[in-house]
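The values are calculated or read from the model by the stated rules, or taken from the named source; none is laboratory data. Remember, predicted model here, so these are calculated numbers, not experimental data. Every residue, glycine as well, gets a Cβ built from its backbone with ideal geometry; the counts of neighbours run over all protein chains shown. Note: accessible area is taken over every heavy atom of the protein model, side chains too, but ligands, DNA and RNA are not part of it. Shrake-Rupley method; radii C 1.70, N 1.55, O 1.52, S 1.80 Å.
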Amino acid sequence: MAARSSKSPELEQTPEQPNPAVVPTRQYDAGEGWQVGQTAPQDAFRKLDAAGTGEPTGPVVHSHPGGYARQIVAKGQVVTEGVRRELDAAEASAAEGEQG
């Protein structure tokens, strides 16, 4: 019987060669702003109803309004779809208050 070598060609490790036809994608920061995927430039709070219903009232403010309030997003965090919905609801509520 012939002795086998301990290194067979199938088991040899070769360094992976990058494929020159593949261009790597780059990740770009979405920047600061209030759109989905961007970084919130400030904290955003909305006051809660003092009657105890827990319903948000009033406009979005960027410092704690005192009393009961809900923080919508913290400065430096990513604006999600839920955050954007909360901001849109506050804008719609403010627009209704101005009209009526």
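Solvent exposure of THR80, expressed as accessible area, is near 70 Å², computed with a probe of 1.4 Å over the protein chains only.
Between THR57 and GLU91, the modelled labels are 2.4 nm apart [label points 7 Å from Cα along Cα→Cβ].
Note on SER93: accessible area approximately 50 square angstrom, rounded to 10, probe 1.4 Å, nucleic acids and ligands left out. Are there chymotrypsin sites (Phe, Trp or Tyr not before Pro) in region 24-100 that DSSP puts in a loop and that have at most 13 other Cβ atoms within 10 Å, and which ones? The qualifying sites are TYR28, TYR68.
Take LYS75: with every protein chain present and a 1.4 Å probe, its accessible area is about 130 Å².
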